[in-house]
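Read the structure below first, then the notes.
The values are calculated or read from the model by the stated rules, or taken from the named source; none is laboratory data. Everything numeric in this text was worked out from a predicted model, so none of it was measured. Cβ placement follows ideal geometry from the backbone for every residue including glycine, while neighbour counts extend to all protein chains displayed. What goes into the accessible areas is simple: the full protein's heavy atoms, side chains included, and nothing from ligands, DNA or RNA. Shrake-Rupley method; radii C 1.70, N 1.55, O 1.52, S 1.80 Å.
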Amino acid sequence: MVARLGPSEFALLLYDLSSPSEAIAVARSTFAELGATVEIQGHEITGKNQIGLTFSSADYESAEDFLRDAGLAANSADMQTGYQIFDADMHKAAMHRLTLEPELKRAIDNEQLVLYYQPVVDFKSRKISGFEGLVRWIHPEKGLVPPDVFISLAEETGQILQIGKWVLEEACRQAAAWESMEGGFENLAIGVNVSAQEFSRPEFIDTIEGALEKAQCRCSSLKLELTETAVIDNTQLVGQVVKQLEQLEIKTALDDFGTGYCSLSYLHSFPFDTLKVDQSFVRNIDRESRNRDIVQSTIMLAHKLGMEVIAEGVETQAEVDVLAAMNCNYGQGHFFSRAVPEKEASRLLREGL
Ligand code: C2E
Ligand code: CA
Ligand code: CA
């Protein structure tokens, strides 16, 4: 039985299966069919779909529970195979998120969010050229909650707008403080991560200008990081936003480069200042020639297009040596420093790494 549950949500009910593999076979062929490229009015459109599987053997009492679990599994469907089979941990994770949500609402008001700073180091001078601001949630009972746990939750609930604004204001306040710190630190670039939801808002540019104004910090101190995946999903909008930011002299970086299958032609169309090569390519770059070739070509292309390159996730001296020899501009990673609280970051600035 096939049913349509929502605008782009469908359910397939399979009867009399002799084994789970039969359901998997159906999921695989459905994924392949729906993922095929079709031509509509001269445009090639490739469908995306995610399939979640759950089995009646799990003793469901209601159809709603059955559909809920299939939906949960679909959310974490594998990109390659297109499907995911439900397991009880997914339910636990969903319940965990459910309890975190109302707490996250209070986190900003109760001053539980903190911005940590990870140094970005110039390979030539070996000095700190800036920092990336990375948000942390100091939960009263759970302790330090990492962003990958609560940022995706905040994106789902829309709380990311409020969190993003707070992060932006905090980063600008800190940038202004470093600008006026003794020792001449006025040229630091402070990276701020921006979610797709934030830059899709009509008031996005106003929010940025408001934060800069409030903190009295220079536009050029701010570097907004947009992930490659967010860029691919919103190419038209990103083009406009990045151009507007360029006019305002606010810097931009294309984050996690290499993870989202960004077409190289996009690089040419968006005036990003910086490209951040994802850590999966940087890891073991001294030992893996495949990664080395990819990063080397990326650096050359980025430089040709007038962009600087930051290598993310640098963990060893050997990786530093290879990247510096490739003319990579900056590095960021545990080899230099983890993300640290503002006091520690200021100390690193004054005393060096
Ligand atoms: P990202 O923007 O790619 O940030 C880099 C992540 O890599 C950080 O994790 C950082 O701590 C980690 N990292 C840095 N150097 C190394 C290294 O040498 N080795 C390893 N293994 N990891 C390293 P973190 O802080 O947990 O942040 C995870 C993600 O959460 C970020 O990925 C970013 O996408 C998101 N995020 C963090 N803060 C914010 C924020 O204020 N707003 C938004 N929208 N997203 C944020
Ligand atoms: Ca980032
Ligand atoms: Ca990144």
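For this structure, a couple of remarks:
- Residue among TYR266, TYR330 that is closer than 30 Å to GLY239 by Cβ, away from ligand 2 (no atom under 16 Å from the Cβ) and of a type in the set (Phe, Trp, Tyr): TYR266
- Near pairs, Cβ below 6 angstrom, 6+ apart or cross-chain, from the stretch 125-142 (open to solvent by less than 60 Å² (accessible area, probe 1.4 Å)) to any residue that is more than 16 Å from ligand 3 (Cβ to nearest atom) and β-branched (Val, Ile, Thr): ARG136/VAL114; TRP137/VAL145; HIS139/VAL145
- Any hit, the stretch 224-231, residues being open to solvent by 50 Å² or more (accessible area, probe 1.4 Å), of a type in the set (Val, Ile, Thr) and within 16 Å of ligand 2 (Cβ to nearest atom): yes
- The stretch 233-290, residues that are crowded, with 16+ Cβ neighbours inside 10 Å, of a type outside the set (Val, Ile, Thr), outside any loop (DSSP other than H, G, I, E, B) and more than 16 Å from ligand 3 (Cβ to nearest atom): LEU245, TYR266, LEU267
- Only one of GLY164, GLY183, GLY210 that is over 25 Å from GLU315 (Cβ atoms) and open to solvent by 50 Å² or more (accessible area, probe 1.4 Å): GLY183
- The lone exception for SER195 - which of (1) within 16 Å of ligand 3 (Cβ to nearest atom); (2) touching a strand residue (DSSP E or B) at 6+ places or on another chain (Cβ under 6 Å); (3) open to solvent by less than 30 Å² (accessible area, probe 1.4 Å) it fails: (2)
- Filter pass, ILE151 being out of contact with any strand residue (DSSP E or B) (no Cβ under 7 Å at 6 or more places or on another chain), under 24 Å from ALA311 (Cα atoms) and surrounded by 17 or more Cβ atoms within 10 Å (Cβ to Cβ): yes
- Annotation note: Cβ proximity below 6 Å between a residue of the stretch 72-101 that is on the phi > 0 side of the Ramachandran plot and a residue that is open to solvent by less than 60 Å² (accessible area, probe 1.4 Å) (sequence gap 6+ or interchain) occurs for GLY82/PHE31; GLY82/ILE51.
- Screening the candidates ALA77, ALA94 for the property of being in contact with a Phe, Trp or Tyr (Cβ under 8 Å, 6 or more places away or on another chain), closer than 30 Å to ALA3 by Cβ and away from ligand 1 (no atom under 16 Å from the Cβ) yields one hit, ALA77.
- Lone qualifier among GLN112, GLN118 - being touching an Asp or Glu at 6+ places or on another chain (Cβ under 6 Å) and open to solvent by less than 40 Å² (accessible area, probe 1.4 Å): GLN118
- The set of residues in the stretch 122-177 that are farther than 26 Å from PHE199 by Cβ and part of a loop (DSSP other than H, G, I, E, B) comprises PHE123, LYS124, SER125, ARG126, LYS127, PRO140, GLU141, LYS142.
- Reported count of residues in the stretch 120-164, each being closer than 24 Å to SER337 by Cβ, away from ligand 2 (no atom under 16 Å from the Cβ) and among the aliphatic types (A, V, I, L, M), is 5.
- Screening the candidates ALA88, ALA70 for the property of being modelled with pLDDT of 90 or more and small (Gly, Ala, Ser) yields one hit, ALA70.
- Only one of the listed residues (PHE199, PHE185) is in the same structural domain as VAL121 (by TED's automatic domain parsing), at pLDDT below 95 and more than 20 Å from the chain's Cα centre (by Cα). That residue is PHE185.
- Cβ-Cβ under 6 Å pairs, at least 6 apart or on other chains, the stretch 1-15 side in the same structural domain as THR54 (by TED's automatic domain parsing) and within 14 Å of ILE51 (Cα to Cα), far side surrounded by 10 or more Cβ atoms within 10 Å (Cβ to Cβ) and at pLDDT below 90: ALA11/LEU5
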